[in-house]
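The values are calculated or read from the model by the stated rules, or taken from the named source; none is laboratory data. Computed from a predicted model, the values in this text were never measured in an experiment. Neighbour counts are summed over all protein chains in view; Cβ atoms, including those assigned to glycine, are modelled from backbone coordinates with ideal geometry.
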Amino acid sequence: MKILIIANSTIFGRELKEALEELSVDVLLLDFASLMIYTKSEKFEKYSDKFGRYQKIPKLSMLFRLWFIRKVIKELQCDIVNIHYSRWLYLMILNSLKSTKFVMTFYGSDFYRTSNRVKKMQRKLYKAADAITFTNPRTKASFLDYYQAFDKKSHVCRFGLSTLDFIDKNRDKSKKEMQKNLGYDSHKVIVTCGYNATKAQQHAQMIENLVKLDKKILANCQFIFPLTYGDSSNREVVKQRLAQTTLDYIVLEHFLYEDENAYIKLASDVMINILETDSFSGSMQEFLYAGNIVITGRWLPYELFEEKGIEFYKIDHPSALSEKIEEIYDNVPMLKSNLSKNREIIHNLSHWNNTISSWIKVYQSIQGKER
């Protein structure tokens, strides 16, 4: 079985590729943004170099990108193409996709933040797909409420989290040393605010609530804003807004990998996740796995976490954030000591050893299936 994954160069596509390769599956990853092709041992710049000539042409660059993607699909002759993140633009190369078996993988926002008009356009794409995957049952249910005809081809396939292994590797290290390595104040409660630079993280609402906190709390907390990827223009907006406050804060701008990525989770005490919409937050799970007190929105689809018994704190609206922080502030050590069960639950839910089988099952089910 030979699989082509088309995804932005995020951890999800890359880690799925690596997990499949561990099972001796032949996998190639095409980076949607750059058109770089990655195999197990090397990368190919054939199409990324060609695309580079057209990438900065306003409005036309996406047409050239799709044209090159069509050529890649034809040239590589894979058994299955797995598209990560649904875009209506794929309708423009639907004939090429139908020349092979193909799977559509939703991340969450690509359904929740899509207009009704675009949803109607995309029906043709999902009708042609051999399988459609979601990271949690609620997103799948929301999709099927809208597209009622696609139940038989819809599946829940969760992404694993390689960072869990790096958290375990570094779990016994000195927390103060990790904080020092990151530039944190080891004498304060570390509160991590979101996990990327997109507007959906609602940084403005976070900051608006943080500045309302009691002076005693503000004097004893340091606020970490990981803005290492996402919307670069929003990153600047957040930095400008923070500069207007008296908060003790740190902005993380350089992407941290492996051990240092684990440090961010292990060096933190509280994590705030009030995304507008989400599917099955990997970063939030990593903070929970590392022993953080997590505050998240009741509007987010985390019922599975609750069903499995994971401990976290919910607010009904971003405006309730300051009140929730004040509620937990005096009890941080005690609350953290009661979170040990989260580790085992999340390992069972999201370690690649426990999630990769669902992907293999979907791929195998369509490999020899007649259309």
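Can you pull out the residues in the range 77-118 that are of a type in the set (Val, Ile, Thr) and either free of Cβ contacts under 8 Å to residues at least 12 places away in the same chain or under 23 Å from residue 61 (Cα atoms) (or both)? So that I can check it myself, show each step before the final result.
Step one: list which residues in the range 77-118 are of a type in the set (Val, Ile, Thr), which gives 80-81, 83, 93, 100, 103, 105, 114, 118.
Listed by number, the residues that qualify are 81, 83, 93, 114, 118.
Out of all the residues in the range 116-134, is one or more within 26 Å of residue 17 (Cβ to Cβ) and of a type in the set (Lys, Arg)?
The answer is no, given that none of the residues of the range 116-134 is within 26 Å of residue 17 (Cβ to Cβ) and of a type in the set (Lys, Arg).
Can residue 304 be described as part of a helix (DSSP H, G or I), modelled with pLDDT under 95 and surrounded by 13 or more Cβ atoms within 10 Å (Cβ to Cβ)?
Yes: the conditions hold for residue 304.
Output the residues belonging to the range 329-354 that are in a helix (DSSP H, G or I) and touching a helix residue (DSSP H, G or I) at 6+ places or on another chain (Cβ under 7 Å). Spell out the reasoning first.
Start the filter on the range 329-354 by keeping residues that are in a helix (DSSP H, G or I), which leaves 329, 332-337, 340-350, 352-354.
329, 335, 342, 343, 345, 346, 347, 348, 349, 350, 352, 354, listed by residue number.
Please tell me if residue 297 is modelled with pLDDT of 95 or more, under 20 Å from residue 111 (Cα atoms) and not aliphatic (A, V, I, L, M).
Yes.
Quick test for you: out of 60, 91, 23, pick the one residue that is over 30 Å from residue 143 (Cα atoms), surrounded by fewer than 17 Cβ atoms within 10 Å (Cβ to Cβ) and at pLDDT 95 or above.
Of the residues listed, the single one that is over 30 Å from residue 143 (Cα atoms), surrounded by fewer than 17 Cβ atoms within 10 Å (Cβ to Cβ) and at pLDDT 95 or above is 23.
Could you check the range 259-274 and list, in sequence order, the residues that are assigned to a loop (DSSP other than H, G, I, E, B), of a type outside the set (Gly, Ala, Ser) and either without any contact (Cβ under 8 Å) to a residue 12 or more places away in the chain or crowded, with 24+ Cβ neighbours inside 10 Å (or both)?
Let us first name the residues in the range 259-274 that are assigned to a loop (DSSP other than H, G, I, E, B), namely 267-269, 274.
Among the residues that remain, those that are also of a type outside the set (Gly, Ala, Ser) are: 269, 274.
The one that is assigned to a loop (DSSP other than H, G, I, E, B), of a type outside the set (Gly, Ala, Ser) and either without any contact (Cβ under 8 Å) to a residue 12 or more places away in the chain or crowded, with 24+ Cβ neighbours inside 10 Å (or both): 274.
Does the range 170-207 hold any residues that are assigned to a helix (DSSP H, G or I) and touching a Ser or Thr at 6+ places or on another chain (Cβ under 8 Å), and which are they?
Selection gives 175, 176, 179, 180, 200, 205, 207.
Looking at 357, 365, 319 in this structure, which one is in a helix (DSSP H, G or I), more than 26 Å from residue 179 (Cβ to Cβ) and in contact with a strand residue (DSSP E or B) (Cβ under 9 Å, 6 or more places away or on another chain)? Lay out the reasoning, then the answer.
Working: 357 fails: in contact with a strand residue (DSSP E or B) (Cβ under 9 Å, 6 or more places away or on another chain); 319 fails: in contact with a strand residue (DSSP E or B) (Cβ under 9 Å, 6 or more places away or on another chain).
Testing whether each residue is in a helix (DSSP H, G or I), more than 26 Å from residue 179 (Cβ to Cβ) and in contact with a strand residue (DSSP E or B) (Cβ under 9 Å, 6 or more places away or on another chain) leaves just 365.
Residues that are closer than 28 Å to residue 158 by Cβ, in the same structural domain as residue 362 (by TED's automatic domain parsing) and not hydrophobic (A, V, I, L, M, F, W, C): does the range 41-64 have at least one?
yes
So which of 114, 100, 135 ends up being in contact with a strand residue (DSSP E or B) (Cβ under 6 Å, 6 or more places away or on another chain) and β-branched (Val, Ile, Thr)? Write out each step before concluding.
Working: 114 fails: in contact with a strand residue (DSSP E or B) (Cβ under 6 Å, 6 or more places away or on another chain); 135 fails: in contact with a strand residue (DSSP E or B) (Cβ under 6 Å, 6 or more places away or on another chain).
Answer to the selection: 100.
Of all residues in the range 166-206, which are closer than 17 Å to residue 233 by Cα, of a type in the set (A, V, I, L, M, F, W, C) and surrounded by 18 or more Cβ atoms within 10 Å (Cβ to Cβ)?
Across the range 166-206, the qualifying residues are 197, 200.
Can you tell me which residue in the range 123-149 is surrounded by the fewest Cβ atoms within 10 Å (Cβ to Cβ), limited to those that are in contact with a Leu (Cβ under 7 Å, 6 or more places away or on another chain) and without any contact (Cβ under 8 Å) to a residue 40 or more places away in the chain? Break it down stepwise before answering.
Taking the range 123-149 and keeping what is in contact with a Leu (Cβ under 7 Å, 6 or more places away or on another chain), we get 124-125, 128, 136-137.
Filter once more, keeping what is without any contact (Cβ under 8 Å) to a residue 40 or more places away in the chain: 124-125, 128.
On the way: 124: 12, 125: 20, 128: 16.
That would be 124.
Sort out for me the helices (runs of 4 or more DSSP H) sitting completely within the range 1-110 that have 2 or more residues that are within 25 Å of residue 357 (Cβ to Cβ), out of contact with any Pro (no Cβ under 7 Å at 6 or more places or on another chain) and small (Gly, Ala, Ser).
11-22
Matching residues to (1) touching a strand residue (DSSP E or B) at 6+ places or on another chain (Cβ under 7 Å); (2) closer than 30 Å to residue 137 by Cβ; (3) at pLDDT 95 or above:
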position	(1), (2), (3)
191	yes, no, yes
222	yes, no, yes
231	no, yes, no
246	no, no, yes
